[in-house]
Amino acid sequence: MIEEIGNLPGYELLDSGLFSFAGGFAGGGSKGALKGASESKRLDEVKSVSAAPGAVSNSASKKFDSVQDADAEGYRLERFGDFILARPDPAAIWEKELPQSEWEKADAFFARAKNAANFAPEVSASNGAASDATKGKWILKREIPEQWLLHFLTGTPLEISFYARLAPFKHTGIFPEQSANWNFIVEQAKRIESRKQMARQNFAEDSLENSLEDSSKNASENPLKNSAQNSAKNSSENPSKTSFENFKVLSLFGYTGIASALCAKIGWEVTHVDASRPSISWAKENMLASGLPGDSIRWILEDALKFVKREARRGAKYNAFILDPPAFGRGAKGEVWKFNEDLPKLMFALREISAPPEEFEFAIVNAYAVSAPSLLLKNLLDDFARGIGLEVGADQSTISNHNAAFLDTAALANTVEAKKAVIDYGELILRQSSNPKRLLSTGNFGRLYTH
Ligand SMILES: C[S@@+](CC[C@H](N)C(=O)[O-])C[C@H]1O[C@@H](n2cnc3c(N)ncnc32)[C@H](O)[C@@H]1O
């Protein structure tokens, strides 16, 4: 299965492919930081990791002119709102389509370490952290604000906004291909809501039927007594008072919190975990930019696995999980995270804090910058589902049978027996806008949802 980017207005993969620095970015002076109109109050921590375009000086750009170097690495030429960026992508190894003149329109590019050495420190937009210099740095060709706003539109009131920045390690704070997962989250919200409505409707019809039956049966009895009996029965069975209230989502490795903000906007209770203080600060800004109140999300600065184990000891339960683990990472106290070693442990630990199967709704696991096939993610989700007592459709055809059965037996949709899990998995891709519209794989995903 392939998931393409949907409705992230302003984002566009313009071109991708092997790209040479030589001559491509010569010249062009930067005049320093531009305060974007949409820029909000910045937090100090955020500043420490984000680009510092203010450091760019006119004099430094002279050195920029003299760069003579080539890079046979793949690059992506992308539009993020008003700005065009060129940055390395090891998966973009074909020949680029657009002429050099188009690539030269980039407002900034990320020079890999071997090229970055050729650029004077003053023209670097990197934050200056020692480790970043070894990975490369942003080189500005034109003025770029320290941050600028982008939006994710769903055609519903569930719209969110978030800041792009030139961040270390070629990052921008946004993985645009994740919009396929944001769409998935919106779909889950609709699905859960419609099931809730169906349950309410069934409940109302049942109540009406019962009370009609009761009143015709007991027409001679005291009607007040009957209605009191009915309402006591109703309040204990009312589906709106059971599984859908306090819907809890756990977003692990939450980064800049776009998925967390979306879930909070839906009205779910979101716990966002990340080991990096600057990332959490950035995520808080995105939450505010999305018009959410300051206390909409519970923020946890901690190692993901440690937090999950702690939640298990406290008896916490969640209805959905979102995981965006890196290939390699460090917890808040230096705990080492290695994807292949630690993801199975984490998935195992998540069983402990998962809601019972009839109340568990979905899980998303991403694998980016790591050679993890989507089948690996699917298998982990399979184990997870079984571990919490969810029956999983064996393959695609079984899944469609489930759907047909679901439609035919809608009245059973709220019973535990009818609840089954579907796992879909595949590649998250970006489609470039230049011809031929090549598809660029950005990573893999596995997703589970129940019905
Ligand atoms: C950038 S996102 C992941 C996006 C994408 N999957 C990738 O590999 O780059 C990774 C986030 O995980 C956080 N992180 C890394 N190690 C962590 C850990 N042990 N516990 C919690 N968060 C961690 C980082 O701070 C970062 O915000």
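Any read-out appearing in this document is the output of simple, stated calculations on the displayed coordinates, not a laboratory observation. Quick caveat: nothing in here was measured; it's all calculated off a predicted structure. Reconstructed Cβ throughout: ideal geometry from the backbone, glycine too, with neighbour counts over all protein chains shown.
Of note:
- Electrostatic dipole magnitude of the range 353-397 [Cβ: Lys, Arg +1; Asp, Glu -1; Cα centre; debye, to 20]: 240
- For Y318, the amide hydrogen comes within under 5 Å of the amide hydrogens of S354, A355, counting only partners 5 or more places away or on other chains and with H modelled in the peptide plane.
- Note on Q201 and D82: the extension gain reaches 38.1 nm, defined as 0.36 nm multiplied by sequence separation minus the Cα-Cα distance.
- Spin-label model distance (nm) - K333 vs E95, 7 Å beyond Cα toward Cβ: 5.6
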